[in-house]
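S.K.: Next up is a structure, given as structure tokens.
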Amino acid sequence: MKLSIVPQHTGHEETHVLGSEEFRILEAARDPRPNSGPMAGVFLGKARFDLVSPFPQAVPHREEFSFWLENLKEFLLEKVDPEAIEESGEIPKEVLAGLKKMGAFGLIIPKQYGGLGLSYAEYYHVFVVVGSWCLNIAVLLSAANSIGVIAPLKNRGTEEQREEILPQCAAGEITGLALTEKQSGSDPSAKTLLARRVYNEAGEYTGLRVSGETLWTTNAVRADGIKLARYIAVVAKIHKNQKEELAGKDPHHMVLFILDTNSPGFSTPIRCRFGGTKALYNGVLKFDDVFIEKKWIVADELKGFKYAFESLVFGRFSLAAGGVGVLKQLLQVARWWGKERIQGGNPIGTYELKAEDIVSVAAHTFAMEALVQHVCQRADQHEDIRIESAATKILTTRVGWEMTLLTARLRGGRSYETAASQRKRGEPGIGLMRILTSVWIFTIFEGENDVMTMYEVRECMDPYIRVLLKAIAKVSNPVGETNGDDTANEVLPGKAGFSWKEIPEFISLFLTSLREKREKKSATDAYVLFTEDDSPERYKNFIVRHAQRIQRKVWSTAVNHRVNVPRKQIISEGLVHQAENLFLMMLVLSYAELHADKPLAKELAEHFCDMKIEEMTGARARISEEWIRRGAHNSVTGLSRRIMDGEAAWLEGGIISLLEKEGVSV
């Protein structure tokens, strides 16, 4: 059988994705090791329950950390007014000074450099607290601790670099990351910030001269022309060598270096302003022939984008944990208001539509807590979390936005009223609009969610893409010639066809998918959802079957679209979304077993699974007879009553309660 791996050329094709400069850069930044986490398993048709169950017991807080966390809570309650900060667009200097004094800008810096040396599990609890109270502070601390100077120096820096800069960060010097430019958001190939090598009279390489601008660098700009950060990790384009530079060729590599913002030629001309998180110290950076000593270049000067990308894998934890803090706060507000607000003689939480909203907030809070704790624990064990880290960021920020909308809908007109106005009328001041306008930015920070979804696709489909790249290489270079670089990211699509039989790996993937148990045409997904069997196995059976189905869909996509697979973003998004659902179902079932002694843990886990099954099978959208009789809607009013009565209050633990601050007993 002969198949062409590329479409017929008409002369009007765009540059092919697999041969584009953007693709080359992103491929070079990838960790080439095969993914071994549970999400990767789903795409290969395997539900790896062994990677999520049993859910590990949380390690008890160290006494030292417990004391520090309580001090942080007290400081936030006494010194941080989230409404005033949002309204003014400024974080008071005394708040910044207090955070510096307690070491909040050195959370994950090892103790040997003066930091707190927190584990990722402890780091999670810090951002749950901060995210629940003030998202402006959460963003400030997140950028400094997760994506600023600290991460690349910990991962790749020399001991000299660490000893000079990390103690300063631990003492309170604020840092950030300069990567985005006006025309270069998620496309690194479009970057224009340029670093040129500098040589002395003896011909020795002494450093870089950097020119250009970056945009939206968080923590960098206090006001127009006034900087906030002392150090910034910067990614700029650089030529491969001096010969290439002198020839005037376009640079295709990137360097990461540490900028001292006191350097001559550097300025912060503009502070950007936003519709939410209005105290975000973010803006434009200008480099006017700024000299960077060679000693401040981080590791290999041609792999700067790779190092920045590495930092983001762990840096996304703070956004995810802050999102869990928001969800816990929303849950408390939702179950209080559902019982407090009376309409038609009954609490609004007893009406089915509002009951569904309350239960959805509770079930998603349960799921997101399980997700972030799972990934943080895997990170502390140095296990593979590349896909799961991206999924965690996407899911917690998307769910945070959706659940904020549900809670705002539950609160009605009060959700649109400021907290100060509510207090003036004699009611508790709950500023949901402040949360709503601020939480949206979390879906954009550290990789916009659609872009991150495509990253998930690339990693999940890695075994398939590796085969496609080999196929392209064979067509492009049938006689086995090389261009000196044997990596897959250097191949270009060819023009001829070839036999799939020549690619054993593709045959192996195909046969694996065919070996999976075939589904009978008469069987439907409704059987799994509406079976009379109430054991947890019904959910596990669904997960196993649908993991196999995802694998077959991936195969079908590869066969039908071949090297155009990277362009099929709508299909890819759907596949990843289903894989995320299965991954979450695996997690919540395991997390419920861990919390078997907690009220509603089992019920929330099962309700979450039912919601996801209804979504994936379309049972609710079809309003099928089975769904009418046995759908998840039948349990929402009973669950809502129990949630409003406080049975799931344990799920709200670890936050600073807005309601308690307003004098409401919860």
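S.K.: Counting only protein heavy atoms and using a 1.4 Å probe, what share of the accessible area of region 160-260 belongs to carbon plus sulfur, as a whole percent?
M.R.: Answer for region 160-260 is 46 percent, counting heavy atoms of protein chains only.
S.K.: If you don't mind, there's one more thing I want to ask. Enumerate the amide H contacts of Ile270 below 5 Å, restricted to partners 5 or more residues apart or on another chain; note that Pro and chain-start residues carry no placed amide H.
M.R.: Here the answer is Gly225, Val284, since their amide H atoms fall under 5 Å of that of Ile270.
S.K.: Here is a further query. Could you work out the relative contact order of the chain? I mean the mean sequence separation of Cα pairs under 8 Å and 6+ apart, divided by the number of residues, in percent.
M.R.: The value is 20 percent.
S.K.: Okay, next question. Taking loop as defined by DSSP and a crowding limit of 16 other beta carbons within 10 Å, which GluC sites (Glu not before Pro) in region 163-215 fit? Working shown, then result.
M.R.: On the way: sites: Glu163, Glu164, Glu173, Glu181, Glu201, Glu204, Glu213; in loops: Glu173, Glu201, Glu204.
When the GluC sites (Glu not before Pro) of region 163-215 are filtered for loop state and at most 16 Cβ neighbours within 10 Å, Glu201, Glu204 remain.
S.K.: With a ≥ b ≥ c the root eigenvalues of the C-alpha gyration tensor of region 139-213, is it rounded (a/c under 1.5), prolate (a/b larger than b/c) or oblate?
M.R.: Taking the square roots of the gyration eigenvalues as a ≥ b ≥ c, region 139-213 is oblate.
S.K.: For region 622-666, give the percent of accessible area contributed by carbon and sulfur heavy atoms, probe 1.4 Å, rounded to a whole number.
M.R.: Of all accessible area on region 622-666, carbon and sulfur atoms account for 47 percent.
S.K.: Roughly how many debye, to the nearest 20, is the charge dipole of region 40-85 about its Cα centre, given +1 on each Lys and Arg Cβ, -1 on each Asp and Glu Cβ, and no other charges?
M.R.: About 500 debye.
S.K.: Order Ser146, Ser88 by their accessible area, 1.4 angstrom probe, all chains in place, largest first.
M.R.: Working: Ser146 5, Ser88 70 Å².
The ordering from most to least exposed comes out as Ser88, Ser146.
S.K.: A further question follows. Tell me, what is the per residue accessible area of the chain in Å², probe radius 1.4 Å? All intermediate terms of the calculation are to be shown ahead of the outcome.
M.R.: On the way: 28650 Å² over 666 residues.
Solvent-accessible surface per residue comes out at 43 Å².
S.K.: So if the hydrodynamic radius of region 603-666 is defined as the Kirkwood radius over C-alpha pairs, what does Stokes-Einstein give as its diffusion coefficient at 20 °C and 1.002 mPa s, in µm² per second?
M.R.: 153 µm²/s
S.K.: Same structure, new question: Largest first, please: the extent of the C-alpha atoms of region 427-467 along each principal axis, to the nearest Å.
M.R.: 62, 14, 10
S.K.: As a quick test, which of the pairs Lys154/Lys286; Lys111/Lys191; Lys93/Lys303; Lys101/Lys154; Lys553/Lys612; Lys93/Lys237 have an alpha carbon distance above 28 angstrom in this structure?
M.R.: Checking Cα-Cα distances, Lys111/Lys191; Lys93/Lys303; Lys93/Lys237 exceed 28 Å.
S.K.: Taking the Cβ of Lys568 as the center, what net charge do the other residues with Cβ under 13 Å away carry, scoring Lys and Arg +1 and Asp and Glu -1? Working shown, then result.
M.R.: Details: positive: Arg458, Lys553, Arg562, Arg567; negative: Glu573.
Counting the neighbours of Lys568, the net charge comes to +3.
S.K.: Which cross-chain or sequence-distant (5 or more) residues have an amide H under 5 Å from the amide H of Thr206, H modelled 1.01 Å from N in plane?
M.R.: Excluding prolines and chain starts, which carry no amide H, the hits are Val198, Tyr199, Asn200.
S.K.: Go through Tyr199, Tyr539 and list them by solvent-accessible area, largest first, probe radius 1.4 Å.
M.R.: Tyr199, Tyr539
S.K.: Note the listed values [x] 3, 16, 26, 28, 18, 7, 1, 0; [y] 3, 15, 24, 24, 19, 11, 4, 1, 0; [z] 3, 13, 20, 19, 15, 13, 9, 5, 2, 1, 0, 0, then indicate which one is P(r) over Cα pairs in 10 Å bins from 0, in percent calculated from this particular structure.
M.R.: [y]
S.K.: So which DSSP H runs in the chain come out at 15 Å plus along the axis (Cα) with average Kyte-Doolittle of at least 1.6?
M.R.: none
S.K.: Go through Pro188, Val234, Asn200 and say which Cα lies farthest out towards the positive end of the charge dipole of region 144-242; charges sit on Cβ, +1 for Lys and Arg, -1 for Asp and Glu.
M.R.: Checked the options; the winner is Pro188.
S.K.: Whole number please: convex hull volume per residue of the Cα set in region 91-139, in Å³?
M.R.: Output value, Cα hull per residue: 69 Å³.
S.K.: Just flag the trypsin sites (Lys or Arg not before Pro) in region 177-276 sitting in loop per DSSP whose Cβ has no more than 14 other Cβ atoms within 10 Å.
M.R.: Values: sites: Lys182, Lys191, Arg196, Arg197, Arg209, Arg222, Lys227, Arg230, Lys237, Lys240, Lys243, Lys249, Arg271, Arg273; in loops: Lys182, Lys191, Arg230, Lys240, Lys249, Arg273.
When the trypsin sites (Lys or Arg not before Pro) of region 177-276 are filtered for loop state and at most 14 Cβ neighbours within 10 Å, Lys182, Lys240, Lys249, Arg273 remain.
S.K.: Further question on the same structure: Could you work out what % of the accessible surface of region 356-412 is carbon and sulfur, using a 1.4 angstrom probe and leaving DNA, RNA and ligands out of the count?
M.R.: 50 percent
S.K.: Quantify how much of the Cα-Cα distance distribution of region 81-165 extends past 15 Å, in percent. Intermediate values should be presented prior to the final figure.
M.R.: Details: 2191 of 3570 pairs.
Of all Cα-Cα distances in region 81-165, 61 percent exceed 15 Å.
S.K.: Where does each of 411-419, 356-364 land if you order them by average Cβ count within 10 Å, highest first?
M.R.: Values: 411-419: 16.6, 356-364: 26.1.
Top of the packing list down: 356-364, 411-419.
The values are calculated or read from the model by the stated rules, or taken from the named source; none is laboratory data. All values derive from a computational prediction rather than experimental measurement. Heads up, the Cβs are rebuilt from the backbone with ideal geometry, glycines too, and the neighbour counts pull from every protein chain shown. To get the accessible areas, we keep the full protein, side chains included, count just its heavy atoms, and leave off ligands, DNA and RNA. Shrake-Rupley method; radii C 1.70, N 1.55, O 1.52, S 1.80 Å.
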